[in-house]
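Below you'll find the structure, written out as structure tokens, and then a few comments.
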Amino acid sequence: MRFILLAALMLMSIPAFNQKYHLLGNGKGKGFALAAIAGASKGVCDALSHQPGVYGKSRFVKPDSWRNKYRNGDPAQGPAFPGATHVFVATTDLWHLSDLVRITSSLGSGVVVTRATFKQNPKPPKWHHIVDLAVMGLCHQVTFNLVYNVSRRKPLVFGWTMKF
């Protein structure tokens, strides 16, 4: 809980830091948004793993949803459709779809932020990379904690809860 409050305060200080160091310049904000999406996706994955049924009773979110990639839910009968067990596994259940979004968003955020850093300054100081990595990690962790704790119906900050 304290972490979310501290992270929110740190995120509010970004505009002042941005005026001097151009933290969000040249598209870095898009990279930080991708890191936030990756964190939210990780929260969905962990919520599905640790609280079965948290997102409903659909076949797409049930704990045994991994069976959706097999014909009639039976691994002995083979894949439900060509590529269901490897290439198109993200279409079979929410955990795999969320994990795919997490991986692509994480990689994308690193590429976008690194490209923006070098576009801004061809030879940036090392501390620019450290700050970028810290902000990406902060964006990731804040959204992870929000999604995971909201799905568990745990209080976020000052006892506030969100229900959906």
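Among H96, T85, G137, whose Cα projects farthest towards the positive end of the dipole of region 43-161, with charges put on the beta-carbon of Lys, Arg (+1) and Asp, Glu (-1)?
Sorting the options by dipole projection puts first G137.
State whether region 84-147 is rounded, prolate or oblate according to the following rule on the C-alpha gyration tensor (a ≥ b ≥ c being the square roots of its eigenvalues): a/c under 1.5 gives rounded; otherwise a/b larger than b/c gives prolate, and the remaining case gives oblate.
Taking the square roots of the gyration eigenvalues as a ≥ b ≥ c, region 84-147 is oblate.
Report, ordered by chain and residue number, the aspartates and glutamates lying within cross-link reach of K119, taken as a straight Cα distance under 20 Å and ignoring same-chain residues fewer than 8 apart.
Within reach: D132.
Indicate the gyration tensor shape class of region 27-164 (rounded, prolate or oblate), computed on the Cα atoms with a ≥ b ≥ c the square roots of the eigenvalues: a/c under 1.5 is rounded; otherwise a/b larger than b/c is prolate and the rest oblate.
Cα axes put region 27-164 in the oblate bin.
Would you please put 122-128, 42-48 in order of how densely packed they are, using the mean number of other Cβ atoms within 10 angstrom per residue and starting with the highest?
The densest-packed peptide leads the list: 42-48, 122-128.
Since every read-out is calculated from the coordinates, none of them should be taken as a lab result. Note that this is a predicted model, so its numbers are computed, not measured. Neighbour counts run over all protein chains shown; Cβ positions are idealised from the backbone, glycine included.
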